[in-house]
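Accompanying notes for the structure given below.
Every number in this text was worked out from the coordinates using simple rules, so none of it is lab data. Computed from a predicted structure; not experimentally measured. Don't worry about glycine lacking a Cβ; one is built from the backbone with ideal geometry, like all the others, and counts go over all protein chains shown.
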Amino acid sequence: MRAGNILTIAVAVISLSATRLCYAEAVVVSAASSLKEPITKIAKAFEQENPSVKVSLNFSSSAQLATQIEQGAPVDVFASADTQNVERLAVLGLVRKGAVLARNRMAVLVSNQASSRVRKLEDLGEQGIRIILPSRNVPAAQYAEQVLERADAMGLAAGQFSARVRANTVSREPDVRMVAMKVALGEGDASISYVTDVTPDLKPKIKEIALPDSMNVTANYAIAIVGKKGAENAFAQKFFDYALSVAGQKFLAQAGFLPAATK
Amino acid sequence: MCAQATASWQAGSATVQSRRGLGVRVWFRWTHLVSLSTVLFLGLPILCLVLCPTQHHLLQAIGDQVTKEALVLSVFTSTISTLIVVFFGGVLAYVLARHAFPGRVLVDTLIDLPIVMPPMVTGLALLMLLGRHGVVGSWFSEHGIAITFTSIAVIIAQVFVALPFFVRAARAGFESINPRLEQASLLLGASPRQTFFRVIVPTVWPPLLAGAILAWARCLGEFGATLVFAGNFQGMTQTMPLAIFSALQDNIDVAIALSILLLATSFVLVAFLKIVSKKCGAVGVAP
């Protein structure tokens, strides 16, 4: 073995092991896109309280995250926009412990350019309104469906509301953030999405129309510890507890989420 | 054939061995190993995808409305996009090959840009230009012409990402022709159009076809720009890659079935084109 070869191998080994030496512990969190702002703040605060821990965040639609976990993604904590995705993983034995993290409500999001044409929920059924919704398996899309069904049941647009809205749908985006982006750009006129999706930076571009309580749906967000890896990770448990604690819930409330229902 | 190959390999290595000793014989084996690993690296994932036990889903997926619409849309849009690319890209390639003009280096770099740009960035850029409130798009939307969320947007995105592949190949092809050949043809009385179709094209059609196949394949596989610029709607903008992406979030078995279908479609069409090109080559298209 020549000196050059030995040196190369030594450098490789040291740099590989150095990546492990930086942080004593890591917590990998997969969270729904709609939780991006509050979970990022929760993670930051958590890291400040536990300096030896690094929290890695992964945001996508809850359905996609659940599929990733099914396929063996090394996730410690999973925060979903519904309870179904967590239950689906629980049935497969992939999650160990779950709880309701927070609740959310739906609203009509309208782009500035379309705000004169869409002033109330019923306007979504008007001719020529371009509606953007998330892909059907995304929790937000399912909540939107429920809103439409309730609107039909209440006789909105003579029970034709959901059919008209479906006819006006021009795209099904992979997650709620892309939906909000397209509405903010004015590509889409409106969407039925989470109240919390009108983040501070989007407020100038998106108008929010409240839904009547009778038609609105409550989304139950769930958080769970994933798999053996998560169960054995003490800091994963700590993160789970922190998100549910007063401090964590405060960040969620700031973002516009409703507190997890008290039993 | 195997015996011959082995014999010549042994003979070759023996000759070199006698001159340079054992070191070179080891070098021969090492290159074979690296090559084999590379081929396996490319082939094994595809093999695993195809041999995955989802026959049940494959048949179901083929009959599904979503699949049919996605497949038809993909083939339709990628074919049109390729034709557009061949025309516009071909002309551009010819001009680049024959004429020197100020700023040519800039144009060169610009043409290669779509290859380097992440497709999502491409989508965003197209959105800024041709979106409903885009620089040019706002004019279109004022006149009632919708671009985003239509199949037109799919074609635009595909053309953008596929152009460099064809232009590169076509340009290399055109540059390989001796300009004197064209001059001779023009001198002998042929019009520029006749020269192009009867002298140039018969000579360089192999690289043109190869470039077209590459461009067409790129169109078929385009995902990021389509998603951002054209949107995702069944029948209008949901091409096969987008359908696979949607299925991936839902049911991975369906996604695998769709992927196999896309792979098979691409394979059949590329093989068909290669057979056709071989046949044309055998007959000899040049007059």
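Here the Gaussian network model covers chain A, with springs between Cα atoms less than 10 Å apart; of A:D123, A:D152, A:D201, A:D201 fluctuates the most. What you get for segment A:62-166, charging only the Cβ of Lys and Arg (+1) and of Asp and Glu (-1), is a dipole of about 200 debye around the Cα centre.
Give the residue from B:S176, B:L188, B:V201 lying farthest towards the positive end of the charge dipole for segment B:121-207; charges sit on Cβ (+1 for Lys and Arg, -1 for Asp and Glu) and the dipole is referred to the Cα centre. The residue sitting farthest along the positive end of the dipole is B:L188.
Picking from B:L124, A:M178, A:F251, whose Cα lies most toward the positive end of the charge dipole for the protein assembly as shown (charges on Cβ: Lys, Arg +1; Asp, Glu -1)? Toward the positive end, the furthest listed residue is B:L124. Across the cross-link table entries A:K41/A:K205; A:K97/A:K120; A:K182/A:K238, which are compared at the Cα atoms, the separations over 30 Å belong to A:K97/A:K120; A:K182/A:K238.
Take the Cα of A:A210, step 7 Å toward its Cβ, do the same at B:N178, and the gap between the two points is 8.4 nm. In straight-distance terms, cross-link reach from A:K229 covers every one of the aspartates and glutamates whose alpha-carbon lies under 12 Å from its own, apart from those fewer than eight places away in the same chain; here that gives A:D76.
Charging the Cβ of each Asp and Glu at -1 and of each Lys and Arg at +1, and nothing else, the dipole of segment A:123-200 about its Cα centre rounds to 140 debye. Amide H to amide H distances under 5 Å link A:V95 with A:A90, A:G227, where only residues 5 or more positions off or on other chains count and H is placed in the peptide plane.
What does the charge count near A:I69 come to, summing +1 for each Lys or Arg and -1 for each Asp or Glu among other residues with Cβ under 11 Å from its Cβ? The answer is 0.
Between B:Q249, B:Q65, B:Q234, the residue with the greatest mean-square fluctuation in the GNM of chain B (Cα pairs under 10 Å linked by springs) is B:Q249.
How high is the relative contact order of chain A? Use alpha-carbon pairs under 8 Å, at least six apart in sequence, and give a whole percent. Once normalised by length, the contact order is 29 percent.
3J(HN,Hα) couplings calculated from phi for segment B:121-137 with the Karplus curve 6.51 cos²θ - 1.76 cosθ + 1.60 (θ = phi - 60°) are, in sequence order, 5, 4, x, 5, 4, 5, 4, 5, 8, 10, x, 4, 10, x, 4, 9, x Hz; Gly and Pro show x.
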